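Here is the structure we will look at, set down as structure tokens.
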Amino acid sequence: MTTELMNEIQNGVNVQALLDARTALEAAPEAAKFTWRAQCEWLDGVHSRTSISGFFGLGEDKTRPSAHVVETDHPAEFAAPDAAATPVEVVLSGLAGCLTAGVAAVAENRGVKLRSVSASVEADMDIAGILGIDADVRNGFSAIRVEFDIDADASSEDIAALVAQSQKRSAVFDILTNPTAVHVSTTGQK
């Protein structure tokens, strides 16, 4: 990135590159089809490690220089060692990260200087469902709340508009609020 371009970027987001990518993908819509991948390995108990190193995008397989690793476990209240966040907490992290990144990108595109952005996320869950206590209780979240604290050179209305646009374009928000076909299969020895 050139020094001149870095001087124009306020919030660390190269919006021009994103807009250029959008223009290129409008001309080649097949290149916009991505397949994200993750490989999970059971470690012990309810502790597992997921490695994320490659994906398909822009018409070809891509490999990252090094894998990103996410571990999940459960707290002592679930008779587990609490070696990592629970899988549902990782989902909340994904939502917070996606929305926060969106706020930064939208702010950059609108010329809004951010001083700080933080998101607090809470989700309600009745574990009677996942424990098989009550078949009428949903296994997942019954509600999620996201609260932003944003300090920026903008009015409260403009800040609310940043968050609204981020929500509108967030892949993770969409995944959580719209049905997604999930297919689970098994391979290996019996």
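A few comments on the model shown:
- Some residue of segment 123-134 being in a loop (DSSP other than H, G, I, E, B), among the β-branched types (Val, Ile, Thr), closer than 28 Å to Arg49 by Cβ and touching a Pro at 6+ places or on another chain (Cβ under 8 Å): no
- Any chance Ala67 is touching a Ser or Thr at 6+ places or on another chain (Cβ under 6 Å) and over 30 Å from Leu162 (Cβ atoms): yes
- When we screen Arg138, Arg145, Arg115 for residues that are loosely packed, with under 12 Cβ neighbours inside 10 Å, of a type outside the set (A, V, I, L, M, F, W, C) and within 25 Å of Pro75 (Cα to Cα), the only hit is Arg145.
- For segment 102-112, the set of residues classified as assigned to a helix (DSSP H, G or I), of a type outside the set (Asp, Glu) and buried (at least 17 other Cβ atoms within 10 Å of the Cβ) consists of Gly102, Val103, Ala104, Ala105, Val106, Ala107, listed by residue number.
- Filter pass, Phe34 being of a type outside the set (A, V, I, L, M), at pLDDT 95 or above and surrounded by fewer than 15 Cβ atoms within 10 Å (Cβ to Cβ): no
- Candidates Glu26, Glu30, Glu89, Glu71, filtered to the one that is without any contact (Cβ under 8 Å) to a residue 40 or more places away in the chain, assigned to a strand (DSSP E or B) and not hydroxyl-bearing (Ser, Thr, Tyr): Glu71
- Check on Ile150, surrounded by 13 or more Cβ atoms within 10 Å (Cβ to Cβ) and at pLDDT 95 or above: yes
- Here Val91, Val15 are screened, and the one residue that is modelled with pLDDT under 95, surrounded by 15 or more Cβ atoms within 10 Å (Cβ to Cβ) and either of a type in the set (A, V, I, L, M) or within 25 Å of Ile175 (Cβ to Cβ) (or both) is Val15.
- Considering each residue of segment 53-61 in turn, none proves to be of a type outside the set (A, V, I, L, M), in a loop (DSSP other than H, G, I, E, B) and at pLDDT 95 or above.
- Flag for Ser185 being under 25 Å from the mean Cα position of the chain (by Cα) and modelled with pLDDT under 95: yes
Listed here are the residues, each with its yes/no results for (1) outside any helix (DSSP H, G or I); (2) out of contact with any Cys (no Cβ under 9 Å at 6 or more places or on another chain); (3) touching a residue at least 60 places away in the same chain (Cβ under 8 Å); (4) not basic (Lys, Arg).
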site	(1), (2), (3), (4)
Ile150	yes, yes, no, yes
Leu162	no, yes, no, yes
Gln165	no, yes, yes, yes
Lys168	no, yes, no, no
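- Scanning segment 119-150 for residues that are under 21 Å from Ser170 (Cβ atoms) and charged (D, E, K, R) yields Glu122, Asp124, Arg145, Glu147, Asp149.
- Top-ranked residue in segment 147-189 [being among the hydrophobic types (A, V, I, L, M, F, W, C) and touching a Leu at 6+ places or on another chain (Cβ under 6 Å); ranked as farthest from Val103 (Cα to Cα)]: Val172
- Segment 56-88 - residue that is over 30 Å from Leu19 (Cα atoms) and polar (S, T, N, Q) and, of those, surrounded by the most Cβ atoms within 10 Å (Cβ to Cβ): Thr72
The values are calculated or read from the model by the stated rules, or taken from the named source; none is laboratory data. These numbers were taken from a predicted model, which means no experiment stands behind them. Backbone-built Cβ (ideal geometry, glycine too); neighbour counts: all protein chains shown.
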